[in-house]
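The structure appears below as C-alpha coordinates.
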Amino acid sequence: MLTVGQRFRRPEPRRRVRDFVRGLLAPLPRKNCWTIAEHAGDASPDGMQDLLTRVTWDDAEVRADIREFVGEHLGDVEAVLVIDETGDLKKGRHTVGVQRQYSGTAGKIENCQLAVHLVYATEAGHAMLDTALYLPKSWCDDPDRRAEAGVPTQVRFATKPQLATRMIEDAVTGGLPCRWAAGDEAYGNDPRLAARLRQLRLGYVLAVACSHQVITGLGVYRVDALTAELPVTAWQRMSAGRGAKGHRYYDWSFVALPHATDGHGGHHWLLIRRSRRTRELAFYRCWSPEIVALGTLVAVAGRRWKIEESFQAAKTSLGLDQHQHRRWTSWHRWTTLAFLAHAFLAAATTKHRNHYQPVGLIPLTVNELRHLFHVLIIEPTRRLCDPLLWSIRRRRHQARAMNSHYARQALIEP
(Lines give C-alpha, C1' and ligand atoms only; values in the text may rest on other atoms or scores of the structure.)
Protein backbone atom coordinates (compact mmCIF):
# COMPACT_ATOMS: atom_id res chain seq x y z
CA MET A 1 0.00 0.00 0.00
CA LEU A 2 3.03 2.32 0.17
CA THR A 3 2.64 2.89 -3.56
CA VAL A 4 -0.82 4.51 -3.29
CA GLY A 5 -0.88 5.63 0.36
CA GLN A 6 -0.19 9.24 -0.61
CA ARG A 7 -3.56 9.39 -2.39
CA PHE A 8 -5.44 9.03 0.91
CA ARG A 9 -5.08 11.92 3.34
CA ARG A 10 -6.30 10.18 6.48
CA PRO A 11 -5.05 6.93 8.06
CA GLU A 12 -8.56 5.43 8.21
CA PRO A 13 -9.06 5.17 4.43
CA ARG A 14 -5.48 3.95 4.02
CA ARG A 15 -6.17 1.08 6.40
CA ARG A 16 -9.49 0.49 4.67
CA VAL A 17 -7.77 0.19 1.29
CA ARG A 18 -5.27 -2.23 2.78
CA ASP A 19 -8.09 -4.41 4.15
CA PHE A 20 -10.04 -4.13 0.89
CA VAL A 21 -7.10 -5.33 -1.23
CA ARG A 22 -6.45 -8.12 1.26
CA GLY A 23 -10.06 -9.18 0.80
CA LEU A 24 -9.63 -9.21 -2.98
CA LEU A 25 -6.54 -11.40 -2.55
CA ALA A 26 -8.33 -13.76 -0.15
CA PRO A 27 -9.95 -17.01 -1.39
CA LEU A 28 -13.49 -15.80 -0.72
CA PRO A 29 -16.24 -17.69 -2.60
CA ARG A 30 -17.77 -14.38 -3.65
CA LYS A 31 -16.28 -10.90 -3.42
CA ASN A 32 -18.40 -7.89 -2.56
CA CYS A 33 -18.43 -5.30 0.20
CA TRP A 34 -20.19 -7.72 2.58
CA THR A 35 -17.70 -10.57 2.24
CA ILE A 36 -14.66 -8.28 2.15
CA ALA A 37 -15.89 -6.52 5.31
CA GLU A 38 -16.37 -9.88 7.04
CA HIS A 39 -12.87 -10.91 6.05
CA ALA A 40 -11.55 -7.67 7.57
CA GLY A 41 -13.50 -8.32 10.79
CA ASP A 42 -15.94 -5.43 10.33
CA ALA A 43 -19.43 -5.69 11.80
CA SER A 44 -21.02 -4.24 8.64
CA PRO A 45 -20.05 -3.38 5.05
CA ASP A 46 -20.57 0.35 5.62
CA GLY A 47 -16.86 1.17 5.76
CA MET A 48 -16.06 -0.67 2.54
CA GLN A 49 -19.04 0.87 0.79
CA ASP A 50 -17.97 4.33 1.94
CA LEU A 51 -14.51 3.71 0.48
CA LEU A 52 -16.10 3.13 -2.92
CA THR A 53 -18.66 5.92 -2.74
CA ARG A 54 -18.16 8.73 -0.20
CA VAL A 55 -14.48 8.86 0.78
CA THR A 56 -12.54 11.48 -1.18
CA TRP A 57 -9.88 9.97 -3.44
CA ASP A 58 -9.09 10.01 -7.15
CA ASP A 59 -9.09 6.59 -8.83
CA ALA A 60 -7.30 8.03 -11.90
CA GLU A 61 -4.37 9.09 -9.69
CA VAL A 62 -4.23 5.62 -8.14
CA ARG A 63 -4.12 4.06 -11.62
CA ALA A 64 -1.25 6.43 -12.44
CA ASP A 65 0.55 5.04 -9.38
CA ILE A 66 -0.17 1.52 -10.60
CA ARG A 67 1.32 2.43 -13.98
CA GLU A 68 4.47 3.73 -12.28
CA PHE A 69 4.69 0.61 -10.11
CA VAL A 70 4.30 -1.69 -13.13
CA GLY A 71 6.93 0.26 -15.04
CA GLU A 72 9.35 -0.05 -12.14
CA HIS A 73 8.91 -3.79 -11.63
CA LEU A 74 8.04 -5.07 -15.12
CA GLY A 75 9.50 -2.27 -17.25
CA ASP A 76 10.84 -3.39 -20.64
CA VAL A 77 11.57 -1.19 -23.66
CA GLU A 78 10.17 -3.98 -25.88
CA ALA A 79 6.88 -4.16 -23.93
CA VAL A 80 3.50 -4.32 -25.68
CA LEU A 81 0.46 -2.25 -24.68
CA VAL A 82 -2.46 -4.60 -25.31
CA ILE A 83 -5.99 -3.21 -25.64
CA ASP A 84 -9.20 -5.20 -25.47
CA GLU A 85 -12.68 -5.02 -24.03
CA THR A 86 -14.59 -7.31 -21.74
CA GLY A 87 -18.27 -7.48 -20.86
CA ASP A 88 -20.11 -8.20 -17.64
CA LEU A 89 -23.66 -9.52 -17.95
CA LYS A 90 -26.16 -7.46 -15.94
CA LYS A 91 -29.88 -7.42 -15.26
CA GLY A 92 -32.09 -4.35 -15.47
CA ARG A 93 -31.14 -0.99 -16.93
CA HIS A 94 -29.91 1.10 -13.99
CA THR A 95 -26.27 -0.05 -13.70
CA VAL A 96 -24.08 2.56 -15.37
CA GLY A 97 -23.38 1.80 -19.04
CA VAL A 98 -25.70 -1.21 -19.26
CA GLN A 99 -27.71 -1.84 -22.41
CA ARG A 100 -28.27 -4.63 -24.93
CA GLN A 101 -25.04 -4.73 -26.92
CA TYR A 102 -22.59 -7.21 -28.35
CA SER A 103 -20.32 -8.81 -25.76
CA GLY A 104 -17.25 -10.67 -26.93
CA THR A 105 -17.21 -12.46 -23.58
CA ALA A 106 -20.68 -13.91 -24.21
CA GLY A 107 -20.21 -14.10 -27.98
CA LYS A 108 -23.62 -12.53 -28.68
CA ILE A 109 -25.85 -9.53 -27.95
CA GLU A 110 -26.69 -9.41 -24.25
CA ASN A 111 -27.75 -6.95 -21.59
CA CYS A 112 -24.27 -6.08 -20.38
CA GLN A 113 -21.72 -3.51 -19.33
CA LEU A 114 -18.57 -3.07 -21.45
CA ALA A 115 -15.18 -1.68 -20.51
CA VAL A 116 -11.94 -1.22 -22.45
CA HIS A 117 -8.83 -2.37 -20.62
CA LEU A 118 -5.12 -1.79 -21.16
CA VAL A 119 -2.56 -4.47 -20.22
CA TYR A 120 1.22 -4.11 -20.07
CA ALA A 121 2.78 -7.28 -21.51
CA THR A 122 6.44 -8.26 -21.50
CA GLU A 123 8.28 -11.51 -22.01
CA ALA A 124 8.60 -11.88 -18.24
CA GLY A 125 5.07 -10.96 -17.13
CA HIS A 126 1.96 -8.89 -17.67
CA ALA A 127 -0.27 -6.65 -15.56
CA MET A 128 -3.55 -4.75 -15.94
CA LEU A 129 -2.75 -1.08 -16.29
CA ASP A 130 -5.76 1.10 -17.03
CA THR A 131 -9.48 0.96 -17.75
CA ALA A 132 -12.27 3.02 -19.32
CA LEU A 133 -15.97 2.24 -18.98
CA TYR A 134 -17.78 2.39 -22.31
CA LEU A 135 -20.82 4.65 -22.06
CA PRO A 136 -23.23 4.09 -24.99
CA LYS A 137 -24.91 7.01 -26.74
CA SER A 138 -28.24 6.07 -25.19
CA TRP A 139 -26.68 6.84 -21.81
CA CYS A 140 -24.76 9.92 -22.92
CA ASP A 141 -27.94 11.49 -24.32
CA ASP A 142 -30.09 10.74 -21.25
CA PRO A 143 -29.46 13.33 -18.49
CA ASP A 144 -31.72 11.57 -15.99
CA ARG A 145 -29.88 8.25 -16.26
CA ARG A 146 -26.54 10.04 -16.12
CA ALA A 147 -27.53 11.89 -12.95
CA GLU A 148 -28.87 8.75 -11.29
CA ALA A 149 -25.64 6.86 -12.01
CA GLY A 150 -23.38 9.78 -11.06
CA VAL A 151 -21.76 10.15 -14.49
CA PRO A 152 -19.58 13.31 -14.46
CA THR A 153 -20.79 16.14 -16.65
CA GLN A 154 -17.52 16.25 -18.61
CA VAL A 155 -17.94 12.67 -19.83
CA ARG A 156 -19.01 12.58 -23.47
CA PHE A 157 -19.61 9.72 -25.86
CA ALA A 158 -16.39 8.06 -27.05
CA THR A 159 -15.93 4.98 -29.19
CA LYS A 160 -13.93 2.07 -27.85
CA PRO A 161 -10.91 2.92 -30.07
CA GLN A 162 -11.07 6.50 -28.75
CA LEU A 163 -11.06 5.22 -25.17
CA ALA A 164 -8.10 2.97 -26.02
CA THR A 165 -6.26 5.90 -27.60
CA ARG A 166 -6.60 8.00 -24.45
CA MET A 167 -5.23 5.23 -22.23
CA ILE A 168 -2.29 4.56 -24.55
CA GLU A 169 -1.51 8.29 -24.68
CA ASP A 170 -1.49 8.44 -20.88
CA ALA A 171 0.86 5.46 -20.68
CA VAL A 172 3.31 6.74 -23.30
CA THR A 173 3.36 10.37 -22.17
CA GLY A 174 3.64 9.14 -18.56
CA GLY A 175 7.04 7.65 -19.41
CA LEU A 176 6.10 3.96 -19.35
CA PRO A 177 8.74 2.01 -21.31
CA CYS A 178 7.10 0.32 -24.31
CA ARG A 179 7.61 -0.16 -28.02
CA TRP A 180 4.43 -1.77 -29.37
CA ALA A 181 0.64 -1.74 -29.22
CA ALA A 182 -1.65 -4.65 -30.11
CA GLY A 183 -5.40 -5.12 -30.37
CA ASP A 184 -8.16 -7.05 -32.11
CA GLU A 185 -10.30 -6.06 -35.10
CA ALA A 186 -12.37 -3.53 -33.16
CA TYR A 187 -9.21 -1.43 -32.88
CA GLY A 188 -7.37 -2.46 -36.04
CA ASN A 189 -10.22 -1.30 -38.25
CA ASP A 190 -10.07 2.25 -36.84
CA PRO A 191 -7.61 4.33 -38.94
CA ARG A 192 -7.54 7.20 -36.40
CA LEU A 193 -6.13 4.94 -33.68
CA ALA A 194 -3.39 3.70 -36.02
CA ALA A 195 -2.56 7.28 -37.04
CA ARG A 196 -2.23 8.36 -33.40
CA LEU A 197 0.06 5.41 -32.65
CA ARG A 198 2.31 6.50 -35.51
CA GLN A 199 2.37 10.03 -34.08
CA LEU A 200 3.47 8.55 -30.76
CA ARG A 201 6.14 6.52 -32.61
CA LEU A 202 4.64 3.38 -31.14
CA GLY A 203 4.78 0.34 -33.39
CA TYR A 204 1.61 -1.70 -33.70
CA VAL A 205 0.24 -5.09 -34.73
CA LEU A 206 -3.53 -4.64 -35.02
CA ALA A 207 -5.92 -7.34 -36.25
CA VAL A 208 -8.17 -6.44 -39.20
CA ALA A 209 -11.12 -8.12 -40.92
CA CYS A 210 -10.71 -10.26 -44.02
CA SER A 211 -12.53 -7.55 -45.99
CA HIS A 212 -9.97 -4.92 -44.98
CA GLN A 213 -8.36 -3.23 -47.99
CA VAL A 214 -4.69 -2.31 -48.37
CA ILE A 215 -2.82 -0.29 -50.96
CA THR A 216 -0.02 -2.13 -52.74
CA GLY A 217 2.27 -1.25 -55.60
CA LEU A 218 -0.23 -2.88 -57.94
CA GLY A 219 -3.39 -1.27 -56.60
CA VAL A 220 -5.95 -1.76 -53.84
CA TYR A 221 -6.64 -5.30 -52.64
CA ARG A 222 -8.74 -7.00 -50.02
CA VAL A 223 -6.36 -8.74 -47.62
CA ASP A 224 -7.89 -12.16 -48.23
CA ALA A 225 -7.52 -11.73 -52.00
CA LEU A 226 -3.92 -10.60 -51.60
CA THR A 227 -3.15 -13.63 -49.44
CA ALA A 228 -4.50 -16.01 -52.08
CA GLU A 229 -1.73 -14.83 -54.45
CA LEU A 230 1.12 -15.67 -52.08
CA PRO A 231 3.45 -18.50 -53.16
CA VAL A 232 4.08 -21.53 -50.97
CA THR A 233 7.57 -20.28 -50.18
CA ALA A 234 6.13 -17.12 -48.57
CA TRP A 235 5.02 -19.02 -45.46
CA GLN A 236 7.13 -19.81 -42.41
CA ARG A 237 6.26 -21.95 -39.42
CA MET A 238 6.83 -19.93 -36.23
CA SER A 239 5.70 -19.96 -32.62
CA ALA A 240 3.48 -17.13 -31.36
CA GLY A 241 4.58 -17.88 -27.81
CA ARG A 242 3.87 -20.47 -25.17
CA GLY A 243 0.34 -21.47 -24.26
CA ALA A 244 -1.07 -23.83 -21.67
CA LYS A 245 -0.11 -26.81 -23.86
CA GLY A 246 3.25 -25.58 -25.12
CA HIS A 247 4.28 -23.42 -28.06
CA ARG A 248 1.53 -22.14 -30.36
CA TYR A 249 2.77 -22.85 -33.88
CA TYR A 250 1.22 -21.27 -36.98
CA ASP A 251 2.23 -20.57 -40.55
CA TRP A 252 3.08 -16.89 -40.99
CA SER A 253 3.73 -14.54 -43.88
CA PHE A 254 4.02 -10.80 -44.32
CA VAL A 255 3.83 -8.38 -47.20
CA ALA A 256 5.53 -4.98 -47.23
CA LEU A 257 3.13 -2.13 -48.05
CA PRO A 258 3.95 1.30 -49.52
CA HIS A 259 4.68 4.09 -47.08
CA ALA A 260 1.68 6.15 -46.02
CA THR A 261 1.65 9.83 -46.87
CA ASP A 262 0.82 11.02 -43.37
CA GLY A 263 4.28 12.45 -42.72
CA HIS A 264 5.25 9.93 -40.04
CA GLY A 265 7.35 7.66 -42.25
CA GLY A 266 8.11 4.23 -40.91
CA HIS A 267 7.38 0.86 -42.43
CA HIS A 268 4.02 -0.83 -43.08
CA TRP A 269 3.24 -4.52 -43.42
CA LEU A 270 0.33 -6.88 -43.76
CA LEU A 271 0.91 -9.86 -41.46
CA ILE A 272 -1.01 -13.09 -42.11
CA ARG A 273 -1.44 -16.02 -39.75
CA ARG A 274 -2.62 -19.44 -40.98
CA SER A 275 -3.72 -22.30 -38.77
CA ARG A 276 -1.77 -25.44 -39.53
CA ARG A 277 -4.79 -27.60 -38.72
CA THR A 278 -7.85 -25.73 -40.07
CA ARG A 279 -6.08 -23.38 -42.55
CA GLU A 280 -8.07 -20.51 -41.04
CA LEU A 281 -6.55 -17.10 -41.71
CA ALA A 282 -6.09 -14.03 -39.52
CA PHE A 283 -4.82 -10.65 -40.71
CA TYR A 284 -2.90 -7.80 -39.04
CA ARG A 285 -1.95 -4.27 -40.07
CA CYS A 286 1.55 -3.55 -38.78
CA TRP A 287 3.77 -0.50 -38.54
CA SER A 288 7.14 0.27 -37.02
CA PRO A 289 9.42 3.31 -37.15
CA GLU A 290 12.22 1.00 -38.29
CA ILE A 291 12.45 -2.23 -40.27
CA VAL A 292 11.84 -5.35 -38.14
CA ALA A 293 11.96 -9.07 -38.85
CA LEU A 294 8.91 -11.28 -39.31
CA GLY A 295 9.67 -12.95 -35.97
CA THR A 296 9.32 -9.65 -34.15
CA LEU A 297 5.84 -9.00 -35.54
CA VAL A 298 4.82 -12.59 -34.74
CA ALA A 299 5.99 -12.18 -31.14
CA VAL A 300 3.93 -8.99 -30.73
CA ALA A 301 0.85 -10.64 -32.26
CA GLY A 302 1.23 -13.57 -29.87
CA ARG A 303 1.66 -11.36 -26.84
CA ARG A 304 -1.81 -9.89 -27.44
CA TRP A 305 -3.26 -13.06 -25.87
CA LYS A 306 -1.73 -12.04 -22.54
CA ILE A 307 -4.74 -9.84 -21.93
CA GLU A 308 -6.98 -12.92 -21.87
CA GLU A 309 -4.80 -14.39 -19.13
CA SER A 310 -5.07 -11.12 -17.22
CA PHE A 311 -8.87 -11.11 -17.56
CA GLN A 312 -9.09 -14.68 -16.33
CA ALA A 313 -6.87 -14.07 -13.31
CA ALA A 314 -8.58 -10.81 -12.35
CA LYS A 315 -12.09 -12.23 -12.69
CA THR A 316 -11.65 -15.67 -11.18
CA SER A 317 -9.26 -14.74 -8.37
CA LEU A 318 -9.65 -11.01 -7.67
CA GLY A 319 -13.37 -10.39 -8.18
CA LEU A 320 -12.99 -7.91 -11.05
CA ASP A 321 -16.50 -8.69 -12.33
CA GLN A 322 -18.17 -9.43 -8.97
CA HIS A 323 -18.92 -5.86 -7.93
CA GLN A 324 -22.51 -4.96 -7.10
CA HIS A 325 -22.32 -1.23 -7.75
CA ARG A 326 -24.43 0.73 -10.17
CA ARG A 327 -22.74 4.12 -10.13
CA TRP A 328 -19.85 5.55 -12.12
CA THR A 329 -17.48 6.33 -9.25
CA SER A 330 -17.90 3.05 -7.36
CA TRP A 331 -17.38 1.04 -10.58
CA HIS A 332 -14.08 2.78 -11.33
CA ARG A 333 -12.87 2.49 -7.74
CA TRP A 334 -13.64 -1.23 -7.47
CA THR A 335 -11.89 -1.87 -10.80
CA THR A 336 -8.89 0.23 -9.79
CA LEU A 337 -8.40 -1.68 -6.54
CA ALA A 338 -8.67 -4.98 -8.42
CA PHE A 339 -5.95 -3.68 -10.78
CA LEU A 340 -3.82 -2.77 -7.76
CA ALA A 341 -4.08 -6.32 -6.43
CA HIS A 342 -3.28 -7.78 -9.85
CA ALA A 343 -0.27 -5.49 -10.33
CA PHE A 344 1.14 -6.60 -6.99
CA LEU A 345 0.76 -10.27 -7.90
CA ALA A 346 2.19 -9.75 -11.38
CA ALA A 347 5.26 -7.91 -10.06
CA ALA A 348 5.91 -10.48 -7.33
CA THR A 349 5.47 -13.40 -9.75
CA THR A 350 7.83 -11.83 -12.28
CA LYS A 351 10.46 -11.18 -9.63
CA HIS A 352 10.23 -14.79 -8.45
CA ARG A 353 10.63 -16.10 -12.00
CA ASN A 354 13.66 -13.88 -12.59
CA HIS A 355 15.45 -14.97 -9.41
CA TYR A 356 14.31 -18.56 -8.82
CA GLN A 357 14.04 -21.26 -11.45
CA PRO A 358 13.61 -24.60 -9.63
CA VAL A 359 14.62 -27.57 -11.72
CA GLY A 360 11.70 -29.75 -12.74
CA LEU A 361 9.00 -27.28 -11.62
CA ILE A 362 6.78 -25.04 -13.72
CA PRO A 363 7.08 -21.27 -13.13
CA LEU A 364 5.02 -19.82 -10.29
CA THR A 365 1.68 -18.44 -11.52
CA VAL A 366 -0.31 -15.44 -10.33
CA ASN A 367 -3.04 -17.65 -8.86
CA GLU A 368 -0.53 -19.80 -6.96
CA LEU A 369 1.22 -16.73 -5.58
CA ARG A 370 -2.11 -15.26 -4.45
CA HIS A 371 -2.83 -18.44 -2.51
CA LEU A 372 0.65 -18.50 -0.94
CA PHE A 373 0.48 -14.83 -0.01
CA HIS A 374 -2.83 -15.32 1.75
CA VAL A 375 -1.76 -18.46 3.64
CA LEU A 376 1.77 -17.38 4.56
CA ILE A 377 1.44 -13.61 4.98
CA ILE A 378 -2.09 -12.27 5.47
CA GLU A 379 -3.53 -14.88 7.84
CA PRO A 380 -0.45 -15.25 10.11
CA THR A 381 -0.14 -11.46 10.31
CA ARG A 382 -3.76 -11.09 11.40
CA ARG A 383 -3.34 -13.75 14.09
CA LEU A 384 -0.05 -12.27 15.32
CA CYS A 385 -1.41 -8.72 15.58
CA ASP A 386 -4.22 -9.65 17.99
CA PRO A 387 -4.77 -13.33 18.85
CA LEU A 388 -7.82 -12.61 21.03
CA LEU A 389 -9.46 -10.42 18.42
CA TRP A 390 -8.65 -13.03 15.80
CA SER A 391 -10.38 -15.72 17.89
CA ILE A 392 -13.47 -13.53 18.29
CA ARG A 393 -13.52 -12.72 14.58
CA ARG A 394 -13.10 -16.37 13.66
CA ARG A 395 -16.11 -17.42 15.74
CA ARG A 396 -18.11 -14.50 14.37
CA HIS A 397 -17.21 -15.41 10.78
CA GLN A 398 -18.13 -19.03 11.35
CA ALA A 399 -21.50 -18.05 12.79
CA ARG A 400 -22.17 -15.66 9.91
CA ALA A 401 -21.02 -18.20 7.35
CA MET A 402 -23.59 -20.71 8.59
CA ASN A 403 -26.33 -18.11 8.20
CA SER A 404 -25.12 -16.58 4.96
CA HIS A 405 -27.03 -16.78 1.72
CA TYR A 406 -24.21 -18.79 0.12
CA ALA A 407 -24.13 -21.35 2.95
CA ARG A 408 -27.91 -21.79 2.84
CA GLN A 409 -27.77 -22.15 -0.93
CA ALA A 410 -25.06 -24.80 -0.60
CA LEU A 411 -27.30 -26.78 1.77
CA ILE A 412 -30.21 -26.60 -0.66
CA GLU A 413 -28.30 -27.51 -3.80
CA PRO A 414 -27.52 -31.24 -4.33
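The values are calculated or read from the model by the stated rules, or taken from the named source; none is laboratory data. None of the values given here were measured: they were computed from a predicted structure. Heads up, the Cβs are rebuilt from the backbone with ideal geometry, glycines too, and the neighbour counts pull from every protein chain shown. Ligands, DNA and RNA are excluded from the accessible area calculation, which covers all protein heavy atoms including side chains. Shrake-Rupley method; radii C 1.70, N 1.55, O 1.52, S 1.80 Å.
Points to keep in mind about this one:
- Val82 vs. criteria farther than 19 Å from Trp139 by Cβ, in contact (Cβ under 8 Å) with a residue 24 or more places away in the chain and surrounded by 20 or more Cβ atoms within 10 Å (Cβ to Cβ): yes
- Residue in the range 173-188 that is in contact with a Pro (Cβ under 8 Å, 6 or more places away or on another chain) and modelled with pLDDT under 95 present: yes
- Condition check for Trp390: surrounded by 13 or more Cβ atoms within 10 Å (Cβ to Cβ) and either at pLDDT 60 or above or under 26 Å from the mean Cα position of the chain (by Cα) (or both): no
- Unmet criterion (only one of (1) at pLDDT below 95; (2) in a strand (DSSP E or B)) for Thr227: (2)
- Residues that are in contact with a Gly (Cβ under 9 Å, 6 or more places away or on another chain) and farther than 22 Å from Leu345 by Cα were ranked within the range 116-138; the one that is surrounded by the fewest Cβ atoms within 10 Å (Cβ to Cβ) is Pro136.
- Taking the criterion of being of a type in the set (Ser, Thr, Tyr), open to solvent by 40 Å² or more (accessible area, probe 1.4 Å) and over 21 Å from Ala60 (Cβ atoms), the residues of the range 288-340 that qualify are Thr296, Thr316.
- Selection from the range 214-225 of residues that are out of contact with any Leu (no Cβ under 7 Å at 6 or more places or on another chain) and either farther than 23 Å from Ala293 by Cα or crowded, with 19+ Cβ neighbours inside 10 Å (or both): Leu218, Gly219, Val220, Tyr221, Arg222, Ala225
- Matching residues in the range 139-164 - criterion: being loosely packed, with under 10 Cβ neighbours inside 10 Å and either in contact (Cβ under 8 Å) with a residue 40 or more places away in the chain or in contact with a strand residue (DSSP E or B) (Cβ under 8 Å, 6 or more places away or on another chain) (or both): Pro152
- Of the residues making up the range 272-286, one or more are without any contact (Cβ under 8 Å) to a residue 40 or more places away in the chain, under 25 Å from the mean Cα position of the chain (by Cα) and open to solvent by less than 50 Å² (accessible area, probe 1.4 Å).
- Sole exception among (1) under 23 Å from the mean Cα position of the chain (by Cα); (2) among the β-branched types (Val, Ile, Thr); (3) open to solvent by 70 Å² or more (accessible area, probe 1.4 Å); (4) over 22 Å from Thr350 (Cβ atoms) for Ile36, by number: (3)
- Selection within the range 186-213: residues that are touching a Leu at 6+ places or on another chain (Cβ under 8 Å) and under 15 Å from Leu281 (Cβ atoms). The member of this set that is surrounded by the fewest Cβ atoms within 10 Å (Cβ to Cβ) is Cys210.
- Any hit, the range 236-243, residues being in a loop (DSSP other than H, G, I, E, B), open to solvent by 10 Å² or more (accessible area, probe 1.4 Å) and out of contact with any Phe, Trp or Tyr (no Cβ under 7 Å at 6 or more places or on another chain): no
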